[in-house]
1. Amide H neighbours of B:ILE144 under 5 Å, counting only residues 5+ apart in sequence or on other chains, H built in-plane at 1.01 Å?
2. Can you compute the helix-only [θ] at 222 nm over chain B? Use -39500 (n - 2.57) per DSSP H run of at least 4 residues, normalise by all residues, nearest 500 deg cm²/dmol.
3. At a 10 Å Cβ-Cβ cut-off, how would you order B:TRP384, A:TRP325, fewest neighbours first?
4. Would you list, by chain and number, the aspartates and glutamates whose Cα falls below 17 Å from the Cα of A:LYS220, excluding same-chain residues fewer than 8 positions away?
5. Please turn the phi angles of segment A:142-149 into ³J(HN,Hα) values with the Karplus equation 6.51 cos²θ - 1.76 cosθ + 1.60 (θ = phi - 60°), one per residue in order, whole Hz, x for glycine and proline.
6. Quick one: net charge of A:GLN419's neighbours, Cβ under 15 Å, K/R +1, D/E -1?
7. Tell me what chain A gives for mean residue ellipticity at 222 nm when only DSSP H runs of n ≥ 4 count, each as -39,500 (n - 2.57), the sum divided by the residue total, rounded to 500 deg cm²/dmol.
8. Which of the lysines could be linked to A:LYS199 by a straight reach, that is with a Cα gap under 25 Å, when you skip same-chain ones fewer than 8 residues away?
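Bear in mind that the values in this text are calculations on the coordinates, not laboratory data. Remember, it's a predicted structure, so these values are computed and weren't measured experimentally. With ideal geometry, Cβ positions are generated from the backbone for all residues, glycine too; neighbour counts draw on all protein chains shown.
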Amino acid sequence: MSIKTLFDTELKVVNIGLKSFKETLDQCKVAAVQVDWRPPATVDEHWQKVMEHHKETIDAANREVCNRVLSSRPVLIGLDVALAAIPGMKKNLILHAGPPVAWEKMCGPMRGGIIAALKYEGLAKDDGEAEHLAASGEIQYAPCHEHAAVGPMAGIVSASMPVFVVKNENHGNVAYCTMNEGLGKVLRYGAFSAAVIEKLQWMEKVLYPTLKAAVADLGKIDLKNIIAQALHMGDEVHNRNRAATSLFYRQITPAIIRTSENKKEMIEVLEFINGNDHFFLNLSMAASKVSLDAGRDVPGSSVVIAMARNGTEFGVQLSGAGDRWFTGAAPVPDALYFPGFTRADANPDIGDSAITETNGLGGFAIAASPAIVQFVGGTAADAVNYTLQMYEITVAENNMYRIPYLNFRGTPTGIDVRQVIAKNLCPFIDTGVAHKEAGVGQIGAGVLSAPPEPFKNAYIGLAQAFASGGHTACAPS
Amino acid sequence: MQIKGLIKKGEYFDSISLMIATQKIKQMEGVVDAAIMMGAPENKAILKSSGFLIDLFLDAEDSDLLVAVKAADEAMAREILRKIADLLKDTGKKEHRGAEFTPRGLEGALAALPGANLALVSVAGKYAAHEAMAALKKGLHVMIFSDNVPLDKEIELKKYARQKGLLVMGPDCGTAIINGVPLAFANVVNRGNIGIVAASGSGLQEVACLISNHGGGISQAIGAGGRDVKQEVGGITFLSALEMLAQDDQTKVILLVSKPPHPEVLARIGQKVKGFSKPTAAVFLGADAREVEAYGITAAPDLAAGAEKALALAGIHMDKSADEMDLTAVAQNIAAKLHPTQKYLRALFTGGTFCSETQVILKGLPGLFSNAPIAGAQRLVDVWKSQQHTVIDLGEDTFTVGKPHPMIDFSTRNLRILQEARDPETAVILLDLVLGYGANLNPLAELMPALVEAKAVARGQNKHRELPVICSVTGTDADPQNRGLVVKALREAGCIVCASNAQATKLCQKVIP
């Protein structure tokens with residue numbers, strides 16, 4: 001559009017500000033679109049200038065990250081035990097959701113999950129002993145994300161726990177996630193009663209070997225394919241995994257029947273998976289993790305490569321800022337609560353499951369999931385708008401995950417922290433809500449906006465890295 | 001406390017609908033607590049833990065809907081259950097709202113409207129430059145309505161735009177008409193062959209309406225912003241706009257409106273005009289006509305004259321018969337009724353250019369004060385209090401803090417009209433009234449009561465003073481407010497409505513003793 005052509009072209013107006021101007025244009029039948037503008041997040045102008053100065057480097061780096069993430073091919077290649085499989089795993093190490101957090105700062109559900117894990121590992125005989133041990137300094141804690149793993153809610157992974165092994169066939173990296181325990185009183189919501197431990201033991205002794213044999217029989221299961229299909233069947237594979245679980249079930253069931261030698265156990269396993277609509281969640285998370293990890297460490301990139309919450313803090317990692325966590329207080333979700341519970345009972349947001357949103361799923365794909373849109377407090381149209389808004393803070397549209405209602409447009413993928421700041425628009429995250437006290441479990445579910453602080457900190461962190469001389473070279477493709 | 005429940009067999013609701021229903025039920029009067037769930041075993045476990053698993057529910061199946069309420073007594077609980085049954089009938093029959101998607105930023109807007117070519121920015125001044133720059137970078141022309149944009153940002157934007165072949169209108173650009181489309185505060189004018197470039201909003205509106213009302217038409221009207229012709233900005237938008245109009249086949253005549261440009265800027269504009277063959281007129285309010293005419297530009301002293309000259313250059317003789325007014329006779333008539341204490345003009349403008357124009361016309365009048373003094377006028381000590389002859393721009397920041405522009409919100413001016421009416425020294429009140437999109441859509445309803453009251457106040461005190469009100473109305477009959485109807489009503493209320501602010505000012509000049 002040059003000066004010469006303005007007068008020869010039909011005027012099409014973007015109206016940023018007073019709505020009455022748009023109304024005038026509507027009356028005059030002029031093509032116009034209103035921007036729901038609001039002031040950007042406050043970041044010192046100095047850092048904005050630094051980021052602006054390096055815009056082209058950042059843009060190129062972001063393209064590289066997206067190429068890697070979108071070309072990822074997550075497949076389930078097997079199951080293993082955490083100690084054997086997860087890099088750096090140790091008997092006295094417990095992995096948890098979100099950014100790093102010390103025992104003293106951990107929220108109730110996370111502490112509860114750790115008590116459950118210590119009992120399950122046989123490191124403590126009872127709750128009191130477990131709590132003492134947990135605080136003693138003998139047990140080390142680290143984020144799942146720093147060990148190529150992810151975990152829903154408390155995200156607790158201990159040495160003996162079986163894990164899915166998900167490989168990125170295109171880039172060679174691997175990610176791990178535990179198996180989903182189902183709903184009710186479960187470790188991931190911080191429950192630690194005897195029944196919780198018994199279920200974990202059943203998962204280790206029965207579920208794990210049965211699934212391991214079945215997956216080995218199949219060789220691999222293409223998770224990207226299942227997720228892509230599930231989006232066409234009403235899932236967004238974070239808060240709704242009913243279709244994906246069904247698709248997974250169709251693939252795994254014949255293999256379980258072929259490989260299981262114990263009919264009673266086979267039936268237990270099949271009923272367990274069949275009875276848990278969220279069974280696929282952990283696979284969806286691992287698939288997202290392994291895809292995003294391929295995009296890590298591209299110098300200068302402002303793409304968010306992980307969003308995770310530990311129930312105390314919300315953490316963000318950028319591809320261009322290494323393993324550094326940028327954090328802020330985790331918000332308490334505005335959710336729909338189960339009978340008998342209110343917001344006052346809720347724990348601040350928790351879990352690594354926001355890795356799905358980071359990968360263009362979950363809240364970013366909610367337009368594909370009309371069955372759960374009422375979580376966002378309204379109509380299908382509102383849910384479509386949530387997804388449409390996420391396009392404004394992302395750099396790519398997914399090449400595989402597509403939304404039927406949006407004419408099979410790819411889901412918004414690759415959160416650009418610069419856009420989050422400029423639009424003052426934080427990612428939408430579908431989430432479950434844990435009771436703030438250990439052991440109570442899930443009390444609700446809903447959608448929340450990520451808090452702005454971690455993104456502000458990430459933005460400044462990346463700008464500081466540029467200012468101090470890092471990221472001068474454009475990433476190779 | 002009583003817990004009562006009901007089962008609806010085989011009625012499936014998804015869990016979310018039920019959670020929402022539960023919330024609604026909890027808000028009902030008399031409800032202490034409530035639960036509404038499908039009868040699956042895990043749900044029964046939840047009901048049990050919250051004390052809602054009554055005997056009735058024990059044999060319920062997955063596909064049964066369980067409803068339980070806790071209330072003060074049994075009668076209350078039964079009544080609530082009845083209401084819930086009604087509520088459930090409505091669940092699932094939700095209206096589709098089909099809300100229109102409003103993007104949060106430019107990229108989303110461009111996705112929603114591919115090929116957008118102009119961004120109209122009216123966010124607060126401190127953010128406007130950023131939004132404008134983003135739009136320029138995407139290749140859009142920009143109109144910045146916002147004021148209080150820092151000067152260095154304006155320069156940066158305009159330099160960048162010039163380099164990219166884009167146009168920046170504003171900042172503080174109140175109006176423009178591009179391809180016949182009124183932008184921000186703008187009037188519905190005839191299309192034609194006169195192109196306008198103006199530094200000020202009300203000046204542009206006045207000349208565009210005068211041209212249109214007298215048989216001419218506007219090809220394009222470009223707002224440049226009040227600072228464009230300052231030395232620092234260098235007239236970048238004026239020059240770009242001139243180039244555009246020079247190349248535009250529809251534009252045969254060009255009219256420039258501004259305060260006097262900085263001599264360097266005037267020279268640049270003059271050279272540009274000399275370089276092409278389209279006849280050009282200019283209203284540089286307060287400038288020396290000879291300096292302007294040296295560049296072959298037809299100089300006009302005021303806005304009405306500018307419109308007339310542009311029409312003449314376009315070969316249209318301005319038929320002024322409808323506006324014809326024997327100013328001297330009318331003035332004598334008014335002056336004859338004035339009380340000896342009534343000595344001063346009180347001009348209360350909503351358009352800044354009218355404030356300038358009136359001061360330029362009244363140049364040399366002793367005792368002329370303004371809150372925005374030019375042409376030898378003195379600065380008011382207190383802008384809220386008139387001194388001798390006072391000309392006020394009500395669009396100045398002091399008057400607009402926390403309020404809409406005075407073209408929209410008449411309250412400040414209405415109060416000032418009454419204040420002047422009570423002053424026995426007020427000889428005449430001069431007003432502008434700007435119509436069009438963006439301005440108050442119902443001006444008579446708001447202005448008229450103030451005028452009637454003002455006249456009544458004057459009559460009621462100090463030996464029955466007459467308070468003449470002289471007014472110009474900027475607009476066209478095609479405007480949403482319809483200029484013809486507005487003028488008629490004002491005249492019926494005893495106002496003297498002139499054809500232009502220039503004419504109105506000249507009339508005042510003859511009235512004041």
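1. It is B:VAL121, B:MET169, B:GLY170, B:CYS173, by chain and number.
2. -12000 deg cm²/dmol
3. Least crowded to most crowded, the residues run B:TRP384, A:TRP325.
4. Partners found: A:ASP80, A:GLU169.
5. Calculated HN-Hα couplings, in order: 8, x, 3, 4, 7, 10, 6, 10 Hz.
6. Once positives and negatives cancel, what remains is 0.
7. One gets -11000 deg cm²/dmol as the mean residue ellipticity at 222 nm.
8. A:LYS90, A:LYS91, A:LYS119, A:LYS125, A:LYS185, A:LYS212, A:LYS263, A:LYS264, A:LYS436, B:LYS44, B:LYS48
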